[in-house]
Structure formats: structure tokens, C-alpha cells
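For reference, the structure is listed below as C-alpha cells.
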Amino acid sequence: MSGQPGQQLSRKASQLSRRASLYDAFKDVTERLTAHQDCDAGTSSAIATRCPAGHQMTARITREIIGAWVGYGAGRCFRCMTKVAMKHGYYRCGECHVSLCMSCYRAKAEASDLSRRDVSLMILPGPGDILLTGPCVSVTHVILMSTAMKLNVEHRDTLKIPEDQELYECGSVESTPFYPMDCIIRGHLSRKQYFFRRDPFEGTVYLVGLRAWDSKSSPIAIAPLYCKFVFHPFGRSCSTAFDMDTFQEAMCASEHPGSWSNLTALKAVFSKSGILDASQFLDAKARALLLPRLRDRWARGHICSSVAIEVWQRYFEMLHGVKAAAAFAGGGSGTEERQEALDAAAVADILRWMPLKADLATPSRLVKALTACHWCLRDDLPLAPCCSVAAIPAVEMPGGPSSVAPVTLLARGASGGLTAVGERSRKGEVTAEEGTTAEIEIHCVV
């Protein structure tokens, strides 16, 4: 009997040893698989994260209604073994049921980015990217960004931003019952200018103020709301260029989608068919027939996630509409066949990049589907230093090699905050204040 405790301890130690060796092997395989994927990823904002078995991992956020109580998807990160904080989001393999926390995802993304670049740039959110606030209880709010995020120094005192924090601003469009005059009574989207506080040391971002679009008044301070971002891949991790003019047209065409609807919200929460299955639309005729059905969904009652879906799907339709105008300019026979082919091509892009039903996709379903399509969830905005003004790289834009990304030069003060000290235009001309010899940091707006 006296030997039983010792045997139990021995067996326990053996089990722990086997688990440790399995974990090391598990981690090693993951490192090699993600490293292989990183070679083709393009930028750190779109790492193709895979589990040890090689399956693509998709991002998850708190599931609506039941997520906060049943701990939907909660678990431990397979790399650091810490408990996943659902508030921050995480990446998960649905087949192996393993999770990757955002801290480990960021570390992997940044290490991969630095291995491919001499200078690392922060890609600020811009038109087409998606802002997530909350969750409030268990519901995350979805906001579509309509302008590029930029540094703001004018309203620091108004919003009481600490000296060691940064303030940014960005335009947005959304549908929410909290703006009843716009989104319920008038039945159109609400446009706002939002203000964000960023911690320069951790990269975390909070929404702290707002004002009406194009208003010159001071912003109204609000209780800080935790922010996450979903970045689109166009012009970043994929070679397909982002057409800014067409996207602005798509937003204007979506200005009056209909009122925010409680019924739509309930249907979306309990629906199991919010994501489109591309395997059901393999031929061109089936894809062409899908487009009118998607348009019908745009006209139904809206919820917050409907806005991003409708605008992006309109964007792909309009892109191929431009091609249709060029194709039909010469007239001739076969007009219906060409129109069907262009409709099928538009739906093919929708199935590839935005495969969702506008009236049935909840925020959690939206994030899961988009990150399976090479979009990227981040819970921070990291900023890497550049050694000097002369070292700023010329980032080519879709306009061609003569057009480079506009860059704002930022100097960090003793308190940790950033101050604008110059800029570089699209033509590559750099202007900076005299005496700017210290190390600076840059923002690359793509």
C-alpha cells in the first residue's frame, strides 16, 4: 500500500512528460506550417494561419446572445497555453478544435513581417476596412470605415487624451438602433466621424469620441469602447488593386438601404445559413442567377453587419459593371450572353471575398467567413520605427511605379506621444521640419 502514492506520482510525471513532448512537437509543426504560409502572405496583416494539421484557422469573436454564457469557442491557446480572452478575438481550427490567441498571432505576424522587410510599416485602417466595437454583453457592433484613419492633434484637450496616448480620426458608415432618426425613421445609413485613442506601447485602440459627418464642431466624448479591426486584403496581401472611386460609388448607392430591423436581427441570430456555400454555384449560370437574389437581400431590413456586406457586394457588381459598359460599347449580338458572363464573374468575386447573406449574417459569422477569405482580424494597431527620413521606402500604388503611398512622418516625444513633423506626397516628395534628425516613425496609408 505504501508504494501506491509513489506509483501514482510516477505515472502522473510520465503523463506530464508525454504531454510536454507532444506539445513541443505540436508547436514545431505549427511553426513550420505557418512559416511556409508566410512566404506567400504579402504583409503581416494577412498571415495565413494554419493549425498543426495544416487546416486554415479562421478568426472568431464572441457569439451573439449565447456566447457570453456558454463560453462558445473558449479554450487555451495551443502555443502559450493561456486561456483565450474572447473579448480580444482569437483564431480557431474548426476541425481540430484548437485555438490561437491574438498575442501569439501578432507575434507571429510581426516576426514574419520583419523577416521580409528592411523597414516595417503600419498599415492604418482605411476605406473598406471593418471596425468592431464591444462586445456589449455578447453583441459586437460592426462599422464600415469610409475614410483613411489619420492622426489628430486638434481635439486632444477636448477628449482629454493623456500625454502618453495618441488620437486618431476616421469617417464611417453604419446602421444601428442607437441613431434612431437616421437608421429607423429616415431609413438610411448613419455617417459619423469617430475619434480613437491608441496606446503607443501596447497598440490597443479605444473609440472615445464622435461627431456628425463634415461637422466642424468639437467631438462629443463617450465612454471608451474597445476596438478590433478586420482588414481587407486588396492592395495589401493580394495583387488585386482596390478601386477607391468604385468603392465610394458603392457606399453612395447603399445610403438608403431601409430601416434597421429587430426582426432581421432575430432571424440572423437563429439562422444557420448566413454564409454562402460556393460549392453550390459551380457553373456560370448558377452564379448569374444568384446576383438578383443577393440584390433582394440588400433591400430587406438591416442590421449592423448588413452594411459592410451590401457595400462590398455592390462594389464587386459595379467593378464588373464598368467592364460591361466597355464590352457593350461596340454593340453587336450576344448581349445577353455577355451580361450573364459578367454577372457570373461578379458573383465569383463575391463568393471569393464576401460570401455572406446581407440579412442573415451576424457579426461573429461575418468575422469567421471573411478571415476564411484572407481578410485579417487584429486587436491592435502596431507601429514599427523607421531609421531616418531618407530610409522611407517607396511603396508602389495601383496607379503605377510613379505613384507611391502618401506617408505622414511622426516623431515620438519624451512622453511617448506622436507629433506630425512632415509628409511625403504621392509623387515621392518628402517635406520635413528643419532640425528633424531624430528617429521618426511613419504611417503608410494604403
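Observations, loosely collected:
- The mean sequence distance of close C-alpha pairs (under 8 Å, at least 6 residues apart), as a share of the length of segment 187-320, puts its relative contact order at 23 percent.
- Ordering of 196-206, 286-296 by burial proxy (mean other Cβ atoms within 10 Å per residue, highest first): 196-206, 286-296
- Sequence ranges 174-181, 269-276, ranked by mean other-Cβ count within 10 angstrom, highest first: 174-181, 269-276
- Annotation: peptides 241-251, 372-382, ranked by per-residue average of other Cβ atoms within 10 Å with the highest first, follow the order 372-382, 241-251.
- Contact order normalised by residue count of segment 123-214, Cα under 8 Å, 6+ apart, percent: 21 percent
- Ellipsoid fit via the Cα gyration tensor, segment 169-277: semi-axes of 24, 22, 18 Å, each the root of five times an eigenvalue, largest first.
Bear in mind that the values in this text are calculations on the coordinates, not laboratory data. Since we're looking at a predicted model, the values are computed, not measured. Reconstructed Cβ throughout: ideal geometry from the backbone, glycine too, with neighbour counts over all protein chains shown.
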